[in-house]
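The values are calculated or read from the model by the stated rules, or taken from the named source; none is laboratory data. Keep in mind that what you see is a predicted model, and the values were worked out from it rather than measured. Cβ coordinates were reconstructed from backbone atoms using ideal geometry, including for glycine residues, and neighbour counts include every protein chain displayed. These accessible areas exclude ligands, DNA and RNA; they are computed on the full protein's heavy atoms, side chains included. Shrake-Rupley method; radii C 1.70, N 1.55, O 1.52, S 1.80 Å.
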Amino acid sequence: MPFDIDVHERAVYREPAPIDRDDPFQSMMERFDVAAEILELNPGFYEYLCRPSRMHITSVPVEMDTGQIMVYEGYRVIHNDVLGPSKGGIRFAPDVTLNEVKALAAWMTWKCALLGLPFGGAKGGIVCNPEQMSAKELERLTRRYTADLFDVFGPDKDIPAPDMNTNEQIMAWVLDTYSMHARRTENAVVTGKPVGLGGSEGRQEATGRGVMTVTLAAMERLDLAPSDCTVAVQGFGNVGATAAELLAAQGCTVVAVSDITGGYYNEKGLDINELRNYTQKNGGTLDGSPNADRITNEELLTLDVDVLVPAAKEDQIDAEIAEGTGARIIVEGANGPTLPEADEVLQEKDVLVIPDILANAGGVTVSYFEWVQDRQGFFWTEERVNRRLDRTMREAFEKVYETAEEHDVSLRIGAYVMGVRKVAEALRMRGIYA
Ligand code: NAD
């Protein structure tokens, strides 16, 4: 329950505001509130940590290929930088909102803290429809947004990365634009860039690899052998396709995958390599995939499988889907795929949910490795990157599991408790600058 602060620094409970289920920031706050109560968080710290430190809104003018000038709204939210420079992706989407970016920035704070990374949390977004823009228009949009935020970004200040609909090329334009203004090449200002510009080996697959590592750790806890487990994956992009491929390589039977065009099911198991090759030749989608029956995305989410990996987008698992799901383990590859109301149902059903801030932290972990390599000017082999990633993810899983057991809460709340505690401790040690 949220606090108000009175003049004597005493917590006074106030009635929680009605929850808007479509607002990811409120979803984040619901979980944060539970963690804050368990930690008996100082009310002043509560007030500080439930707000972003800084929010930047910029109008980004772009000359389109036709000569017309369009103006796009861009955001960069720094949720918190108590532990170090803030870190978080940039999302291009027609429906991105400031509240969504605020939530994603806060999730980055808790994620970096619980993984033990020396970063705070941030996120960026531009309201645009990248599918309807040419490469040159996207380049002009990215460069102008970066120039507008030149004073915000920096290897010691705020370090962007790819997110939904942004990629290595866009990160290369961020690097170049920032470097031109800084009058020197500054490759540590952005992560998720091409290896030829100081990107890290293993970064592309890192989030999917982290999903695989924590899935195997959860199977061990439940005494399940990978070769006995069936898996369904929602979303066949960077995270979903990599997770499906790596879990299949571990002996799991991936019976269903899906993307924006719908779901594809084969009870004997799908050939993930074949599907990846198919999507490359098929404009990036699974539409018409061979050797599979068509199912809907909803049917995929309620399949009777051992492991369900939602790896598409937010708000996919509501209470009804949670009632219907046959999964024993849910591994949140996507950010915010499960609504708070579904958490309760899943907990009652004894489904082990590995929360997003842990399950998909492989990406930011290798982003951290990339930043370290850039700053040292010394680059690691892919084998070294993967080994360190596996170790970091497994240790984080075990610590979250133990924290959840200690407080008799879900892994999600355990993860929030760990993340919020780490940030609050740093805040206490630093003190409040007056
Ligand atoms: P992506 O764009 O590469 O892939 C998204 C996939 O989801 C595509 O296959 C798309 O067709 C599918 N999809 C979209 N809407 C869908 C729907 N309604 N139903 C089913 N499928 C749908 O994106 P990504 O990088 O794989 O990211 C996926 C999720 O993982 C996002 O929530 C993102 O924030 C999160 N995430 C990504 C990374 C990363 O390193 N890429 C890191 C952490 C978290």
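See the values below:
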| read-out | value |
| --- | --- |
| Listed residues G199, G121, G326, most fluctuating in the chain (Gaussian network, C-alpha, under 10 Å) | G326 |
| Value at 222 nm in deg cm²/dmol, rounded to 500, when DSSP H runs of n ≥ 4 in the chain each add -39,500 (n - 2.57) | -14000 deg cm²/dmol |
| Candidate aspartates and glutamates for bridging to K123, where Cα separation is under 14 Å - those fewer than 8 sequence places away on the same chain excluded | D81, E100, D158, D163 |
| Karplus-derived HN-Hα couplings along region 79-91 (A = 6.51, B = -1.76, C = 1.60, θ = phi - 60°), whole Hz, x at Gly and Pro | 6, 6, 10, 5, 8, x, x, 7, 9, x, x, 10, 10 |
| D151/D293 FRET efficiency (R0 41 Å; Cβ-Cβ; nearest 0.05) | 0.15 |
| Placed amide H near A93: partners under 5 Å, 5+ positions off or other chain | I126, C128 |
| Largest to smallest accessible area among K102, K268 [probe 1.4 Å] | K268, K102 |
| Gaussian network model of the chain, Cα within-10 Å springs - most flexible of A206, A93, A122 | A93 |
| Gain upon complete extension [D350, F378; 0.36 nm per residue less C-alpha separation] | 5.5 nm |
| Region 201-318, accessible area per residue, ligands and nucleic acids excluded (1.4 Å, Å²) | 42 Å² |
| Choice from A172, A256, A135 with maximal GNM fluctuation in the chain (Cα, 10 Å cutoff) | A135 |
| For peptides 160-168, 289-297, sequence by mean Cβ density within 10 Å, most packed first | 160-168, 289-297 |
| Derived scalar couplings ³J(HN,Hα) [region 332-346; Karplus, 6.51 cos²θ - 1.76 cosθ + 1.60; whole Hz; x for Gly, Pro] | 7, x, 7, 8, x, x, 10, 6, x, 4, 6, 3, 4, 4, 5 |
| Relative contact order of region 362-424, pairs being alpha-carbon contacts under 8 Å that are 6 or more residues apart, as % | 23 percent |
| Whole-Hz ³J(HN,Hα) from phi, Karplus 6.51 cos²θ - 1.76 cosθ + 1.60, for region 224-231, glycine and proline x | 10, 8, x, 5, 9, 9, 9, 9 |
| DSSP bridge orientation in the chain - percent antiparallel, rounded to nearest 5 | 50 percent |
| Simple spin-label estimate for R430 and Q280 in nanometres, 7 Å along Cα-Cβ | 4.4 nm |
| Extended-chain gain in nm, criterion 0.36 nm per residue less alpha-carbon gap, R387 and E63 | 112.1 nm |
| Sequence-distant aspartates and glutamates (8 or more away, or on other chains) whose Cα lies within less than 19 Å of K268 | D228, E245, D293, E299, D304, D306 |
| Cross-link pairs beyond the 20 Å C-alpha cut-off, checked among K136/K281; K111/K399; K313/K422; K102/K313; K111/K313; K87/K422 | K136/K281; K313/K422 |
| Highest average packing first - 81-88, 231-238, Cβ atoms within 10 Å | 231-238, 81-88 |
| Charge context of L270, other residues only, Cβ under 12 angstrom, K/R +1, D/E -1 | -3 |
